[in-house]
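The values are calculated or read from the model by the stated rules, or taken from the named source; none is laboratory data. Just so it is clear, the model here is predicted, and its values are computed rather than measured. Glycine also receives a Cβ, built like all others from the backbone with ideal geometry; neighbour counts cover every protein chain displayed.
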Amino acid sequence: MGDDRRRFLKVAGVTLLAVGGAPVLTTLAQDKSSGHGNATAGAKRFAMVIDLKRCEQEQGCTLCSEACHREHNVPDFGNPKDEVKWIWKETYEHAFPSEEYSYAPERVAGPMPVMCNHCDHPPCVRVCPTKATWKRDDGIVMMDWHRCIGCRYCMVACPYSSRSFNWRNPRPFIKQLNADFPTRTKGVVEKCTMCEERLSDGLAPACVAACKAKAMTFGNLADPNSEVRKLLRDGYALRRNPGLGTLPQIYYLV
């Protein structure tokens with residue numbers, strides 16, 4: 001890791017600790033203005049449900065991340081310190097450090113997909129000085145790479161490490177260019193945008209469409225008859241770090 005990155009992370013970490021760390025994140029998350037506009041009655045609220053039982057049956061599968069990264073021109077630098085990722089696998093202990101699931105350990109034994117949680121109260125939106133990241137009325141937390149100045153405040157504010165920074169020009173490291181999706185430049189942050197470009201065409205997110213195990217379900221939480229609502233009604237679901245007050249909208253069935 002380069003000196004500039006060490007210096008940034010050190011300063012950012014000390015700053016958060018100095019003013020209270022988790023309480024700061026909770027305050028940022030609970031600020032109602034962090035969404036730049038609340039959803040009106042009858043509006044859609046998109047969310048995703050991930051069935052860990054189905055996902056566990058396909059251990060070693062990376063179809064969801066491959067489809068996402070191919071769709072969105074995510075670079076492959078081949079170097080962990082430069083890694084850019086929109087969706088990736090984490091162990092249960094890393095994804096849910098405050099949650100225990102002792103009664104069926106096999107259900108949470110393998111790596112599970114994680115991504116931007118598209119929170120109801122996203123702290124990343126609250127701290128962005130240029131409004132390069134914002135929350136739509138349907139709940140999707142967006143990115144405008146042209147407005148991103150690379151300050152990385154959003155990366156510090158996100159408690160899920162769901163954002164990546166382009167330390168180098170990413171374009172030469174795109175394996176298979178998708179001409180229908182914009183590439184990024186050196187010095188900007190990127191993350192999952194829930195395939196908003198596919199949603200506008202009436203398509204499911206790329207990760208959902210690619211999952212052979214049908215472990216990922218996307219839909220409208222505001223619709224009581226939607227598949228995501230039925231899954232949450234009939235099963236037991238976890239959300240990541242719920243105590244922070246961010247209200248993640250990625251649910252994990254266990």
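Take Y103 and tell me if it is at pLDDT 95 or above and of a type in the set (F, W, Y). Lay out the reasoning, then the answer.
Values: at pLDDT 95 or above: no; of a type in the set (F, W, Y): yes.
It is false that Y103 is at pLDDT 95 or above and of a type in the set (F, W, Y).
Restricted to the stretch 220-254, and to residues that are assigned to a loop (DSSP other than H, G, I, E, B), touching a Gly at 6+ places or on another chain (Cβ under 9 Å) and not hydrophobic (A, V, I, L, M, F, W, C), which residue is surrounded by the most Cβ atoms within 10 Å (Cβ to Cβ)? Spell out the reasoning first.
Initial filter on the stretch 220-254 (assigned to a loop (DSSP other than H, G, I, E, B)): 221-226, 235-236, 239-241, 245-249, 254.
Imposing the further condition that a residue be touching a Gly at 6+ places or on another chain (Cβ under 9 Å) reduces the set to 221-222, 226, 249, 254.
Next, from what is left, pick out any that are not hydrophobic (A, V, I, L, M, F, W, C): 226, 249.
Working: S226: 19, Q249: 23.
The qualifying residue surrounded by the most Cβ atoms within 10 Å (Cβ to Cβ) is Q249.
Is it the case that R126 is part of a helix (DSSP H, G or I), touching a residue at least 24 places away in the same chain (Cβ under 8 Å), under 20 Å from A209 (Cα atoms) and of a type outside the set (A, V, I, L, M)?
So R126 does not fit the description; no.
Kindly list, by first and then second residue, each pair from a residue in the stretch 62-83 that is under 12 Å from P113 (Cβ atoms) and at pLDDT 95 or above to a residue that is part of a helix (DSSP H, G or I) and of a type in the set (G, A, S), limited to pairs with Cβ atoms under 6 Å and residues at least 6 apart or on different chains.
Taking only residues 6 or more apart or on different chains, the pairs are L63/A210; C64/A210; A67/A206; A67/A210; C68/A206.
Look through the stretch 198-254, keep the residues that are polar (S, T, N, Q) and without any contact (Cβ under 8 Å) to a residue 12 or more places away in the chain, and return whichever of them is nearest to G110 (Cα to Cα). Don't jump to the end; show me each part of the working.
Initially, the stretch 198-254 is screened for residues polar (S, T, N, Q), giving 200, 217, 220, 225-226, 241, 246, 249.
Subset that is without any contact (Cβ under 8 Å) to a residue 12 or more places away in the chain: 200, 225-226.
Working: S200: 33, N225: 31, S226: 28 Å.
Within the stretch 198-254, the match that is nearest to G110 (Cα to Cα) is S226.
Looking at the stretch 136-159, which of the residues that are touching a Cys at 6+ places or on another chain (Cβ under 8 Å) and either surrounded by 21 or more Cβ atoms within 10 Å (Cβ to Cβ) or among the β-branched types (V, I, T) (or both) is farthest from T193 (Cα to Cα)?
Ranking the candidates gives A157 first.
Being within 17 Å of the chain's Cα centre (by Cα), in a helix (DSSP H, G or I) and surrounded by 21 or more Cβ atoms within 10 Å (Cβ to Cβ) narrows it down to one residue among C119, C64, C55; which is it? So that I can check it myself, show each step before the final result.
On the way: C119 fails: in a helix (DSSP H, G or I); C55 fails: within 17 Å of the chain's Cα centre (by Cα).
Matching residue, one of C119, C64, C55: C64.
Taking A179 and the conditions (1) surrounded by fewer than 21 Cβ atoms within 10 Å (Cβ to Cβ); (2) assigned to a loop (DSSP other than H, G, I, E, B); (3) in contact (Cβ under 8 Å) with a residue 24 or more places away in the chain, which numbered condition does it fall short on, given that it satisfies the others?
Against the list (1) surrounded by fewer than 21 Cβ atoms within 10 Å (Cβ to Cβ); (2) assigned to a loop (DSSP other than H, G, I, E, B); (3) in contact (Cβ under 8 Å) with a residue 24 or more places away in the chain, A179 comes up short only on (3).
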